[in-house]
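Undergrad: First the structure, which I've put down as structure tokens, then a few questions once you've had a look.
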Amino acid sequence: MSDELTPTISVQEISIQELFSEISDVTVVYNNPPWEALSQILPTPTQSISAWNMDIEHLEEIASTTPATSTVVGVGGGTALDTAKFLAWKHGSTLIQVPTITSVDAGFTDAIGVRVNGNVQYVGKIMPKMVVLDIPLIRSAPKHLNRAGVGDVLSCHTGLFDWKLAIDAKQENRWNDNLYALGRSLLDELEAAIGDIGAVTEPGVRFVADAYRRIGAACAVAGHSRFEEGSEHFLVYALEHATGDHYVHGEVVAMGVTAMASVQGNDVERVRKIVSQSGVRANPLDIGISQQQFFETLKSVAEYTTREQLDYSIVNSHDITESEISAAWNTVTSLPRVNI
Ligand SMILES: [Zn+2]
């Protein structure tokens with residue numbers, strides 16, 4: 001069943017050195033670390049661009065001032081992978097992604113996420129020709145950045161709930177049994193692999209990457225990401241918009257899943273167990289989110305999703321009450337503290 005939904009993304013388990021020995025006329029879009037160290041051992045690319053700012057104006061400027069090359073390679077985390085998507089899309093280049101951490105699924109998805117006036121917007125689509133999975137390189141990163149891989153898989157827990165809720169409320173007509181089953185299966189598999197993910201073992205890294213591959217392919221086929229993106233992501237977008245801060249994606253999403261599972265009344269204990277056993281940093285007191293920010297954002301998240309025309313979710317089904325917000329806060333602050 002999952003195979004029907006995952007026909008398109010080629011993931012190659014090779015080293016970044018092998019990749020670079022096979023390509024030329026390359027723009028590298030990177031995060032540092034790890035680029036400075038990698039550049040010492042790789043052939044010099046045609047050009048290299050530091051990724052740090054996802055504002056659309058900044059990305060347009062890069063695209064208009066940078067000569068096109070036949071290949072764009074993203075090397076790093078979310079900002080590098082999304083900037084590489086944008087540049088390859090604008091220049092009509094072949095896109096190759098080299099995630100060096102597993103904190104976000106952006107390397108495996110086709111939707112190009114940028115910021116417009118501080119809000120996440122998807123401006124276009126491009127499929128990577130290849131995703132390079134250099135497991136030793138990924139495992140050399142700080143562990144918390146790879147444990148964060150839990151977030152973009154665990155988001156199926158609240159995403160599926162919101163999707164079903166929208167269907168039942170007749171606010172949504174995009175339904176697909178296979179996609180729903182894929183989300184359920186990913187959650188079961190995540191639970192089974194949680195020890196490996198927490199320890200950042202080779203099978204743990206491989207599991208997260210393969211889950212991302214299946215999610216990315218399924219979203220590309222379906223043309224939407226309802227099964228893995230719901231109110232937990234919307235809370236994150238609203239928080240980032242309100243505070244102007246950027247968090248490690250998978251960490252703040254893991255917090256968002258825990259908070260919204262509480263509001264949904266949706267098996268919070270399962271989420272708590274997965275978050276706790278993975279060791280992912282998801283307690284807002286570790287992430288740098290205050291009680292006031294949390295309360296204000298949850299109070300205004302429905303307004304935010306309406307304004308940004310985000311999908312229907314639990315936050316639109318009723319006015320979230322003060323006691324629901326308190327319960328959610330108590331739940332997220334009772335997650336294990338993780339000091340890195
Ligand atoms: Zn995400």
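Undergrad: Using every Cα-Cα pair within the range 101-145, state what percent have a distance larger than 18 Å.
TA: Of all Cα-Cα pairs in the range 101-145, 45 percent lie more than 18 Å apart.
Undergrad: Something else now. Give me the one-decimal nm value for the distance between modelled label points at ASP267 and THR201, 7 Å along each residue's Cα-to-Cβ direction.
TA: Label-label distance for ASP267 and THR201, simple model: 2.4 nm.
Undergrad: Still on this structure, please answer the following. Can you tell me the mean projection area, over all orientations, of the convex hull of the range 1-159's alpha carbons? Units nm², please.
TA: The Cα convex hull of the range 1-159, projected and averaged over all directions, gives 9.8 nm².
Undergrad: Another one. Fully extended, how many nm does the chain gain between GLU189 and GLN40 (0.36 nm per residue separation, minus their Cα-Cα distance)?
TA: Working it through step by step, the gained length comes to 49.8 nm.
Undergrad: While we're here: Given 4 °C and 1.567 mPa s, how large is the Stokes-Einstein diffusion coefficient of the chain in µm²/s, with Rh as the Kirkwood radius over Cα pairs?
TA: Answer from the Stokes-Einstein relation: 65 µm²/s.
Undergrad: Moving on to the next point. At q = 0.21 Å⁻¹, work out log10 I(q)/I(0) for the range 189-228 with the Debye formula, treating every Cα as an identical point scatterer and leaving solvent out; two decimals please.
TA: Log10 I(q)/I(0), no solvent term: -0.65.
Undergrad: What is the ratio of the Cα radius of gyration of the range 143-333 to 2.2 N^0.38 Å, with N the residue count, to two decimals?
TA: 0.96
Undergrad: What are the extents of the Cα atoms of the range 227-340 along their three principal axes, listed from largest to smallest and rounded to whole Å?
TA: 36, 30, 28
Undergrad: Something else: Quick one: what do you get for the range 126-191 if you divide its Cα Rg by 2.2 N^0.38 Å?
TA: Scaled against compact globular proteins, the figure is 1.47.
Undergrad: Tell me the relative contact order for the chain as a rounded percent, counting alpha carbon contacts under 8 Å between residues six or more apart.
TA: That works out to 17 percent.
Readers should treat all values here as calculations from the given coordinates under stated rules, not as data from a laboratory. Note that the structure is a prediction, hence the values are computed from the model and not measured. Using ideal geometry, Cβ is built from the backbone for each residue, glycine included, and neighbour counts are taken over all protein chains shown.
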